[in-house]
Structure formats: structure tokens, C-alpha cells
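The values are calculated or read from the model by the stated rules, or taken from the named source; none is laboratory data. Predicted model only: the values in this text are computed from it and were never measured. Here the Cβ positions follow ideal geometry from the backbone for every residue, glycine too, while neighbour counts run over all protein chains shown. Ligands, DNA and RNA are excluded from the accessible area calculation, which covers all protein heavy atoms including side chains. Shrake-Rupley method; radii C 1.70, N 1.55, O 1.52, S 1.80 Å.
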Amino acid sequence: MSNVCRHAIVEELAELGATVHTCARNETELDACLLNWKAKDLRVSGSVCDVSSGPQREKLMETINSIFHGKLNILVNNAGGPLCKHTVDYTAEDISSVMALNFDSAFHLSQLAYPMLKTSGAGTIIFISSIASYLAINIGAVYGAAKGAMNQLAKNLACEWAKDNIRANSVAPGYTNTPLVDAVYNPGSLEAINSRVPLGRLGEPKEVSSLVAFLCMPASSYITGQILYVDGGVTVNGFLPL
């Protein structure tokens, strides 16, 4: 997922009063963000972590367990990213890499967080998925499969862990206005994309983060096991051209 959206989620939750711990692979970027959030008087801490690595995931959750004294109300699994290749060009290593980042990380972090979410008495897990889990995209077969698996995980955990008062939902953004989109798509491609969006524009990071925040609130206490698309209507408007 774009760092812009990740930053928006951190800020949204912190501005609403949550104490947030985030992570990033790039220490320089993380330190700059932490300084910025500190200047805004937001309660945000962070760790350097590559969540595609099992040992680093375990170390991260040990840190979180210590910070929050064994109780965790919210887990947002928002790591992700595609590897754009035609299906016949994927190697076994490519598949393992995409799955490790997009699915394995979310599955394992949820496992590791379970005792803390249960102890909190009111836990919620948000998986950041993608419309690629629903729509076929020409050069993203493995990414779409990984996000589809994530959605199914959300449904299963919603049922399996409901007895522990833990909710699980997926938020699936469409094309969102971030530097990553600008770098990948030329103006003509963006025009074609927008022509298929009923609302006629890209989404904004804030429109993703506000839904994540809502799903963490008591106001959403009867919502679990759902996939919520933040896409301007693309998923109900037919095929999305590239």
C-alpha cells in the first residue's frame, strides 16, 4: 500500500485519540514521519520492520506487546504492493515474494496479535485489501490472488474470533491519488480509469483512512467479516481498463 495512505491512517487514528505504533522498512523515512507527528502532538511511535520477514514480524509484535502492556484494541494490516508481470513471466520467487508481503504478513501478524486483541476485550482487525481482489487486472494475477486470500482471511477470523469479541474486516481501495499512481500511469491511462469511475475521479487517502477509523469505533460494533470497497463505484461498473 502507498506510504501516503499508510500515513493518512496513522494520522487519522492518532488525531482521534489512539496511541499508535507503526512500522516501515526505511528508517530515514520513519524517523522523519515520527518527528512530524511529534510536532503535531500525536501519540505515535515506530519500529523499523520488513513485515515480509517472519523473524522481524515476531520482533515487532514483541515490541508492541511491551508498549501496550499485553492489550491491543486495533491491528491494521496495511503492508502490500504488486509485482506487475504477465502470468507466464512470474517465477516461483516472485510468487513467494508477493504472497509474503501481501498475505503472509497479514496472516502471521494477526496470529501474533490474537492474545493481545483477546485480552483487550474489544479488538478489531482491519485488512487493507484492493479492488484487485475483485476485478481482474491484466498484469496483477498474483497480487489479486493475495488480496483475495486476505479477504477470505478476514471472513474466517470474523467468525472464528467473534467469541473473543474480535471483529475483522477488509477495506479495499480503488485507484487512489498518490505519487505511486502518478508514477505508474500516464495522463491518458488515468483518464481512462476515471471514465470507469462513476464518481469520475481518483480517491483520496483521507477517504480510505476515514473508513478504517470508522471500523475501529464503537459505532461499527455490529460490522464484521465484510469487504468494503472505497472505489468511487468502480466494482459495480464493469471491467476496469488499464
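Taken as Cα centroids, region 80-129 and region 43-77 sit 14 Å apart, rounded to the nearest whole angstrom. Among the cysteines of the chain, C5, C33, C84, C159, C216 have no other cysteine beta carbon within less than 4.7 Å of their own.
Close amide H pairs (under 5 Å, H built 1.01 Å from N) link L228 with S170, V171, A172, residues at least 5 positions away or on another chain.
For region 62-170, what is the number of Lys pairs with C-alpha distance below 21 angstrom, counting only pairs 8 or more positions apart or on separate chains? It would help to have the intermediate numbers written out before the result.
Details: K71/K118; K71/K163; K85/K147; K118/K155; K118/K163; K147/K155; K155/K163.
Within region 62-170, the lysine pair count is 7.
For the Cα trace of the chain, dividing Rg by the Kirkwood Rh returns an Rg/Rh value of 0.95. Evaluated with a Cβ-only charge set (Lys, Arg +1; Asp, Glu -1), the chain carries a dipole of roughly 560 debye about its Cα centre, given to the nearest 20.
Of the solvent-accessible surface of region 1-115, computed with a 1.4 Å probe and all protein chains present, 54% belongs to carbon and sulfur.
Counting only complete DSSP H runs, which helices of the chain cover 24 Å or more along their long axis at the Cα atoms and score a mean Kyte-Doolittle of -1.0 or above? Answer set is 141-160. Restricting the chymotrypsin sites (Phe, Trp or Tyr not before Pro) of region 124-230 to loop positions (DSSP other than H, G, I, E, B) with no more than 12 neighbouring Cβ atoms within 10 Å leaves Y222. Shown here are the Rg and Dmax of the Cα trace of region 73-122, at 14.8, 47 Å. Within the listed set I223, I128, I166, the Gaussian network model of the chain (springs between alpha-carbon atoms below 10 Å) gives the highest mean-square fluctuation for I223. When you restrict to C-alpha pairs under 8 Å that are six or more residues apart and normalise by the size of the chain, the relative contact order lands at 20 percent. Expressed per residue, the C-alpha convex hull volume of region 186-228 stands at 98 Å³.
Expressed as a whole percent, how much of the Cα-Cα distance distribution for region 17-83 exceeds 18 Å? Don't skip to the end; give the middle numbers.
Values: 912 of 2211 pairs.
Distances greater than 18 Å cover 41 percent of the Cα pairs.
Within a straight-line Cα-Cα reach of under 15 Å, K38 can be paired with the following aspartates and glutamates, leaving aside sequence neighbours fewer than 8 residues apart in one chain: E11, E12, E15, E29.
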